[in-house]
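Data block below; observations after.
Every read-out reported here was derived from the displayed coordinates using simple, explicitly stated rules and does not represent laboratory data. Remember, predicted model here, so these are calculated numbers, not experimental data. Here the Cβ positions follow ideal geometry from the backbone for every residue, glycine too, while neighbour counts run over all protein chains shown.
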Amino acid sequence: MPQRIGVMGGTFDPIHLGHLRTAEEAVEFLDLEALYFIPSASPPHKPGRKILPFEHRWRMLELAVKDHPKFCYSDIEHDLPGKSYTVVTLQKLHEMWRHSVELYFLVGLDAFLELDSWWHYRELFELAHICVLRRPEYREEDVAGFLRTKVSSTYYWDDNERLYRHSSYLPVHPLRNSHLGISSTRIRRLVSEGRSIRYLVLPEVMRYIATKQLYSVEELEPEIKKGNCLL
Ligand code: ATP
Ligand code: MG
């Protein structure tokens, strides 16, 4: 039996309890052997925003996941040249594990509905089970429409297993995770305003942000001016 391995990509700028709790729930629902958090080195989807250097994001990730028996983290995207493309990362993981794993790619509904802008996005649906995490303000009903218009019109709903099936792509799983209105954007903004982020991130991450004085107003000013904040 192939091992069931989860993969959660993101900028993790910073990693927060929304990532961690939904990852925990996904491990349980999908019965995963391990879940890899993979921070992107150079995300193609965040143009115009200054992203914290990889080393800080990596260190916070390490602090947040190191004690969990099933959570792992990989710097595979840091070592790949150029922009971080998820298709390439998933191919690399399959090669690394000699195709003896089943990959489950976790993606928030916000990001899922933009997958058609990702490089060679249809291949994602061949390389991994796509597991869609609910996020407040995004409608789960839009998953079916997206799949049928942007990937293939022949997806169908399997009511027993609660997933979308297709004859040539791997299943797509809409997950019933907790709705957590937490985003890194909100955290960066709170820090820049001198407000508390307690209970939105782990204490270790909160201390790291304070000690290194990350997310200062100067750094975030363009983002705040654009009104690019969820809450
Ligand atoms: P930003 O606000 O900077 O975009 P973010 O909070 O969305 O940050 P990312 O690093 O962009 O965090 O997210 C990585 C992945 O985790 C994405 O697929 C995203 O949709 C998902 N995700 C982030 N926060 C949550 C949450 N609260 N609930 C469910 N999924 C989430
Ligand atoms: Mg995001």
Just GLU25, GLU114, GLU102 to compare: in a GNM of the chain, with alpha carbon springs under 10 Å, which one fluctuates most?
-> GLU114
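Is the shape of the range 1-127 best called rounded, prolate or oblate, per the rule: a/c under 1.5 gives rounded, else a/b larger than b/c gives prolate, else oblate, with a ≥ b ≥ c the square roots of the Cα gyration tensor eigenvalues? Working shown, then result.
Details: a/c = 1.43, a/b = 1.10, b/c = 1.29.
It comes out rounded by the Cα gyration axes.
Going by C-beta contacts inside 10 Å, put THR185, THR22, THR11 in order with the fewest on the left.
Numbers: THR185 17, THR22 23, THR11 20.
Placing the least packed residue first, the sequence is THR185, THR11, THR22.
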With -39,500 (n - 2.57) per DSSP H segment of 4 or more residues and division by the full residue count of the chain, the 222 nm estimate, nearest 500 deg cm²/dmol, is -10000 deg cm²/dmol
Built amide H within the under 5 Å cut-off of LEU163, gap 5+ = ASP158
Under 19 Å from a point 7 Å along the Cα-to-Cβ line of GLU25: which residues of the range 96-121 have their amide N that close?
-> 104-113
Could you check the simple spin-label distance between THR149 and LYS50, using points 7 Å along Cα→Cβ, in nm with one decimal?
-> 3.8
GNM on the chain, Cα springs under 10 Å; top mean-square fluctuation among LYS150, LYS70, LYS212 goes to LYS212
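Anything over 29 Å Cα to Cα? Flag those among LYS66/LYS150; LYS92/LYS150; LYS70/LYS150, in the order listed.
Working: LYS66/LYS150 37 Å; LYS92/LYS150 25 Å; LYS70/LYS150 33 Å.
The answer is LYS66/LYS150; LYS70/LYS150.
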Hey, rough spin-label estimate for HIS68 and ARG176, points 7 angstrom out along Cα→Cβ, what's it come to in nanometres?
-> 2.1
Under the Karplus relation 6.51 cos²θ - 1.76 cosθ + 1.60, θ = phi - 60°, what is the ordered set of whole-Hz ³J(HN,Hα) values for the range 58-67, x standing for Gly and Pro?
-> 5, 5, 5, 4, 4, 4, 7, 10, 4, 8
Quick one: angle between helix 17-30 and the longest Cα principal axis of the chain, in degrees between 0 and 90, rounded to 10, please.
-> 20
Peptide ranges 57-64, 157-164 listed from the most packed, as the mean C-beta count within 10 angstrom indicates | 57-64, 157-164
Tell me, what is a quarter of the convex hull surface for the C-alpha atoms of the chain, in nm² with one decimal?
-> 12.7
Starting from the Cα of LYS50, draw a straight line to each of the aspartates and glutamates and keep only those under 19 Å, dropping any in the same chain fewer than 8 residues away.
-> ASP13, GLU77, GLU193, GLU218, GLU219, GLU221, GLU223
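Relative to the present Cα-Cα distance, how much length would full extension add between TRP157 and SER100 at 0.36 nm per residue of separation? Each step should come with its number before you reach the end.
Details: separation 57, 0.36 × 57 = 20.52 nm, distance 2.71 nm.
My answer for the length gained is 17.8 nm.
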Label-to-label distance, nm, for residues given as GLU204 and GLU33 (7 Å Cα→Cβ offset) | 2.5
